[in-house]
Amino acid sequence: MAKLPTPAELAKVSYSPPAKGWMEIKPDFRPGQYVNAADPKWMEWIDYPYPRKWSVPDEDWQLPSNWKEIILEGMEDRLNRFRSLKIFFDICVRCGACADKCHFFLGTGDPKNMPVLRAELLRSVYKRYFTRIGKALGDLVGARDLDESVIKEWFYYLHQCTICRRCSLFCPYGIDMAEMTLLGREMLASIGLNIDWALASVAQCYDKGSHIGATPQAFKDMIDFLAEENERITGISTPVSYNRKGAEILFVTPSGDYFADPGTFTLMGYLLLFKYLDLDYTFSTYAAEGGNFGWFVSHEMGKRLNTKIYEEAKRLKVKWILGGECGHMWRVCNQYMTTWWGESPTFLEEPVSPITGTKFENAKVHKMVHISEFTADLIKHGKLKLDPQRNAHIKLTFHDSCNTARGMGIFEEPRYIINNVLPEGHFFEMPPNTIREKTFCCGSSSGINANENMEARMQGGFPRANAVRYVHEKYGVNHLGCICALDRATLPTLLQYWVPEVDVTGITELVGNALVFEDEIERTTDLRDRDLVGFGEEEGAEEEE
Amino acid sequence: MDFFKRNILAALIAVLGLIAVAYVGVKGNLQLLFGVVIPYMALLIFFEGIIYRVIKWARSPVPFRIPTTAGQQESLPWLKRTLADKLDNPSTFPFTLGRMALEVLAFRSLFRNTRSELIEAPQRPEGAKLVHWSYKWLWLGAIAFHYAFLVIVIRHLRFFTEPVPHFISLLGEVDGFVQFFIPTVYVSGVVLVLAGLYLLGRRITNPNLRYISLASDYFPLFLIIGIGTTGILMRYVYRVDIQAVKQLALGLVTLHPVVPAGIGAIFYVHLFLVCVLLAYFPFSKLLHAPGLFMSPTRNMTSNNRKVLHVNPWNYPVKFHTYMELEDRYREAMYEAGLPLEIEPETMETEGEEE
Amino acid sequence: MADYKNEFGWFAEKPKVEKKIYDRNKVAIGIVVFLVIFTIAFWKNLGKAVPPPKPALETAAIIKLPEKERTCVEDVEFMRQRHMRLLVDWREQVIRDGERYWTNSKGEKYLASLSNTCMECHTNKTQFCDQCHNYVAVVPNCWGCHLTKEEQVAKAEAK
């Protein structure tokens, strides 16, 4: 792995484009900037074409002999299937409104990371082969021949896009780079070009049930362990049921929540909440993954992984599905899930909260409810006894995850929960141009949260971290809250690098901290074993502060 | 020659060439060609081209409902949703219409525009910080440009109608409210050229924008600035017989084309540039106008979880079934105490498997 | 699903996209609205032949003149294109410089006056001025102050 430059080095970003035109500049695969090529093993697991051993810095990528045909046919096929692609290729005026909206451009200064130019990498091929004016006028209208260096460029820049849609928000015509990135990655996959980090997760999830490749028994072990942790800290036993037929609710959450800190604390929060409510729910060892790296690779692979959720709900005969905190999982659930299934799943019922009786009308067809919607509803109806003082050691800011922000629009639910589980005056918003629909992505989403491209990740996450630093300096914020498991996997690394004073936390973890049980033991620590402020031995706590 | 110079010069030369073509043509008495034949051809290409393109777009389905959600979703009834939320993340059709209307008429998304800058921050360990601020100049330039164009087009209807409807004369009076110069200066013409120059200027002076700009970006700008300038020159400097111009225009729209004598060459240059703009429209980025109406991230209602969206080419995919998983891990799952479809003891009786 | 083919390889079947126009009605409405708005000038004038205005030159005052003297202050082409500029020049000359006489390109001197020079011959404002001005939807602001002969008479009588 390449040596990671210091923050001061990385923050010296130059936004001056090179003297040479962009068509003449070929991508330079510098260590730290790219994700490794996928191991052929993963491709075989999921029947992906052209599995072979190759590596990104290689001169020869060993493309199939008819790769050009495959790409062009693939492009034509996608133009016929996606109106979005046709329109986005045709109507861009290159006004540049998107340019300084991309976190990768802001972090790297590479002009090809301006969404407009990243799109142009694909558009130039479309123009050359699918429009008459492009054939006739060539580079004057931005058309160019398709050769291997173009493919390399696609590979480089389509994997420095996290599908976060910030550009699409600012585009006067709604041109969505995410859509083009996804379809571009599909085309790359069709000639056997995949990144290892994403494909390993996909293959594992496809084969075993979760991105981390946990077997059913290992899955159970991990969650049981977290339940024991709950008991140790709170004195409350939070037994978990798995694959239980006839449960009312199937609970699906991304593997990040049971695999690694700090996601695990969020999962402990879920378990406490469900125990508190005596919720009739079950985990599934088959639909063990809410996240969907498949969708980062292709629409079809997304569907292949996502199908498991409804299939399992059908098998277990549950009434509806509750989904954990996750960004891209919810974008997939919201935008694709029922469409992929083809109809509203008839074996499920319209979701109704068993505690408050609230009908989740907005999920009438989808039959899946977001944990933040569920929790906010509980709090609103006064069903939770919460002690915000238990979160007094936390000064929080909230990171709207790109996918739930611009692919769903879930802003108020988590904020409502935050305001109820934190003491007053402990919640601070980051600057308005960096939150809500204008939020910056963590910089490592969409399957690129590998180690080998750490430099690029830190650059991509710079705008987010920069806003965190602002609230940290101004208000002493020490926690960054989010409702996304990928955020919880990637933001700690990012903040460790840029703002090491700030930790990352899920929102349900805060709920778990604040939840007061009748028969609990006296709590002196939060779910992370950190001393609470103003509880237990007063002096000790004071000193700690 | 570098990329930028090549592209901007190509566009500039193209427009100057077009001007020369029209001028020489008229001096060579090709008034019929430039006054009647080319305008009809340009109109045909414009209409046919746009309809062809829109239908071409429509021949591809919209497989997924992918609106860019820019406001609070509709979820719990008591959660506050402002009017802005409802318009930026519309969950019902009327609000989707509202969102589209705002996009089309007020350039909503561009209004959101921000500018980001990296500035030195010695007090921070990394020594720099990014600041983002609201940046409305592009929006202002764009909206001035487009509305000026609209007003000009409507104003020009006075040449194509007889009697002239009241609202057109009224618009002319409003547009000329400054009452400066004779004939009265129309604000719209000046605004169009100035806004066009602004849009051109930012393309040339902003290094990143210059980097992405193609000849096909400069060309329509030069063309429209050319149209505006010839129009202004014709009205205020090189006068032409306006009555004859109207005769020609009316001849075109009544399908009784005539070429009255004595219209100055500048008129034909103006008209020719307009014709080129019309004919160029369906093959270029100017398609952003019809395209916006069909942009799936803007024109779709964000009600995915409430109303089913059907993908016409949805097809079954292979997935790993639960039974495959259980078959592989049955014993370990049994040991872990996980419920099973088939208990391990019965594994020998293969026939009973599903 | 043993015969499963993934979407990528061309050894596989592709998802079938029906060849048709999707969202037919919405697209049709859009196209019709576009056509109606953009061809408004055509269907408003459909098949109508609009004769150009013919400003009447035969006023009593002109007919009285001998054939040779029936010319305007400048030639017809100049007057058609630039009469408004001429009037403005007159106005500025008379009001700002106090110079009441104007010399044309042939060296002939005229009194620079709309009412007393122009309208002396063209007494028929409606048939001469208004016809063309209405035709091209021009509203000159001359008539804010200047009165036609008839109006002058009427005003004088009213006093």
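Table for the structure above
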| read-out | value |
| --- | --- |
| Rounded FRET efficiency, nearest 0.05, which uses the C-beta distance separating A:K12 from A:Q62 and R0 of 41 Å | 0.65 |
| Within-15-Å neighbourhood charge of A:K359 [Cβ basis; K, R +1; D, E -1] | -1 |
| Computed lengthening from A:N419 to A:D207, 0.36 nm per intervening residue step minus Cα-Cα distance | 72.2 nm |
| Cβ-based charge dipole, the stretch A:204-514, positive-most Cα from A:F296, A:N419, A:N478 | A:F296 |
| Long-range amide H partners of A:G481 with built H, under 5 Å | A:T397, A:F398, A:H399, A:T505 |
| Cα gyration tensor, the stretch A:1-146 - rounded (a/c under 1.5), prolate or oblate | oblate |
| Compactness index (Cα Rg / 2.2 N^0.38 Å), the stretch A:387-545 | 1.07 |
| For the stretch B:81-234, alpha-carbon Rg over 2.2 N^0.38 Å | 1.38 |
| Dimensionless Rg over Rh [chain C; C-alpha; Kirkwood] | 1.46 |
| Segment B:A20-B:E335, length gained on full extension (0.36 nm per residue, minus Cα span) | 104.6 nm |
| Cα lying deepest toward the dipole's positive end in the protein assembly as shown, options B:Q123, B:P163, A:L384, charges on Cβ | B:P163 |
| Rounded, prolate or oblate (a/c below 1.5 giving rounded, otherwise prolate when a/b exceeds b/c) for the stretch B:1-156 by Cα gyration tensor | oblate |
| Cα-centred dipole magnitude for chain A, charges only on beta-carbon of K, R (+1) and D, E (-1), debye, nearest 20 | 2520 |
| Sorted peptide list for A:174-181, B:58-65, criterion being average Cβ within 10 angstrom, highest first | A:174-181, B:58-65 |
| Label point at A:K3 placed 7 Å out along Cα→Cβ; residues across the stretch B:125-163 whose backbone nitrogen lies under 14 Å | none |
| Of C:A61, C:N116, C:H146, farthest towards positive along the dipole that unit charges on Lys, Arg, Asp, Glu beta carbons give the stretch C:15-159 | C:H146 |
| Those GluC sites (Glu not before Pro) in the stretch C:53-159 that DSSP places in a loop and that have at most 10 other beta carbons within 10 Å | C:E58 |
| Lys, Arg +1 and Asp, Glu -1 on Cβ, resulting dipole of the protein assembly as shown about Cα centre, debye, nearest 20 | 6760 |
| Efficiency of FRET between C:L114 and B:R6 - r from beta-carbon atoms, R0 45 angstrom, step 0.05 | 0.20 |
| Semi-axis lengths (Å, descending) of the ellipsoid that matches the C-alpha gyration tensor of the stretch A:299-399 | 29, 18, 11 |
| Contour excess over end-to-end distance, with Cα ends at B:I182 and B:F167 and 0.36 nm allotted per residue | 3.2 nm |
| B:A84 versus C:T126: modelled label distance in nm, points set 7 Å from Cα along the beta carbon direction | 5.9 |
| Residue order, fewest to most surrounding Cβ atoms within 10 angstrom, among B:M323, B:M294 | B:M323, B:M294 |
| D_trans [Stokes-Einstein, Kirkwood Rh over alpha-carbon pairs] for chain A, 20 °C, 1.002 mPa s, µm² s⁻¹ | 89 |
| Residues A:C171, A:C205 arranged by fewest to most Cβ contacts within 10 Å | A:C205, A:C171 |
| The stretch A:204-514: Rg to Rh, with Rh as the Kirkwood radius over Cα pairs | 0.94 |
| Cβ charges +1 (Lys, Arg) and -1 (Asp, Glu), total dipole of chain B, debye | 2840 |
| Anisotropy class of the stretch B:3-299 from Cα gyration tensor, a/c 1.5 cut | prolate |
| Percent of Cα-Cα distances greater than 55 Å, calculated over the protein assembly as shown | 29 |
| Likely footprinting exposure, B:H309, A:H381, A:H159, fewest C-beta neighbours within 10 Å first | A:H381, B:H309, A:H159 |
| Distance histogram for the stretch A:150-240 (every C-alpha pair counted, 5 angstrom bins, percent rounded to whole numbers) | 3, 12, 13, 13, 12, 10, 10, 9, 9, 6, 2, 0 |
| Distance (nanometres) between label positions extended 7 Å along Cα→Cβ at B:V174 and A:E69 | 6.1 |
| Residues B:L32 and A:F428, FRET efficiency given R0 of 60 Å [Cβ-Cβ distance, rounded to 0.05] | 0.25 |
| Distance between modelled label sites at A:D280 and B:T92, nm, 7 Å Cα→Cβ extension | 3.4 |
| Angle between chain A longest axis and helix A:115-130 axis [Cα atoms, degrees, rounded to 10] | 40 |
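Quick note: the coordinates plus some simple rules give every number you see, no bench work behind them. Predicted model, so just to flag it, every value in this text is computed and none were measured. For neighbour counting, all protein chains shown are included, and Cβ atoms are generated from backbone atoms with ideal geometry for every residue, glycine included.
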